[in-house]
Amino acid sequence: MDAGVMGSGTRSDIAVSERTTADHAPGWVLRAAVAADIDVIAELRATVMRADLERLGRYDEHRVRQRLRDSFSTQHTSIIMIDGELAGCVTVRPAEGRQWLEHFYLAPHCQGRGLGSAVLRTVLERADAQSTTVGLNVLQGSAARRLYERHGFVVEG
């Protein structure tokens, strides 16, 4: 999908529930995505990815939303909720002998508060329970790379 870092790994030393109330991460829950979520998630993707895509000269108003619509799966996508409001989403899709982390977006006002780390720990915990690794692609130069590296992801290519 996107160029840059691809990582994998499992983490068995961190265990978190779907709901956390740590000072750095607000109370949150994951709920299964439904078809009606597609438009709001497509808009969230466009908002979150705009700066990186513009920096790379790849931002296209239509394409940024269509790429999500083309790969959206209610079966593999979870909606991140805080106090009944959509705070983000994450897709974890099995492929190529591992779980692929895709479409992990947090609303801008939810970034930088530990929520991304809390959700990522939950994804990694679930992968550990299934004895699978997690892989991902991230845009070159994206600040998200630091998050993934803090959680044990390493560059494969």
Looking only at the range 30-39, count every residue that is in a helix (DSSP H, G or I) and open to solvent by 70 Å² or more (accessible area, probe 1.4 Å) and tell me the total. 3
Is the range 6-28 home to any residue that is among the β-branched types (Val, Ile, Thr), modelled with pLDDT of 95 or more and open to solvent by 50 Å² or more (accessible area, probe 1.4 Å)? no
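The values are calculated or read from the model by the stated rules, or taken from the named source; none is laboratory data. All figures in this text were calculated on a predicted structure; none of them were measured in a lab. Remember, those area values only see protein heavy atoms, side chains included, never the ligands or the DNA or RNA. Shrake-Rupley method; radii C 1.70, N 1.55, O 1.52, S 1.80 Å.
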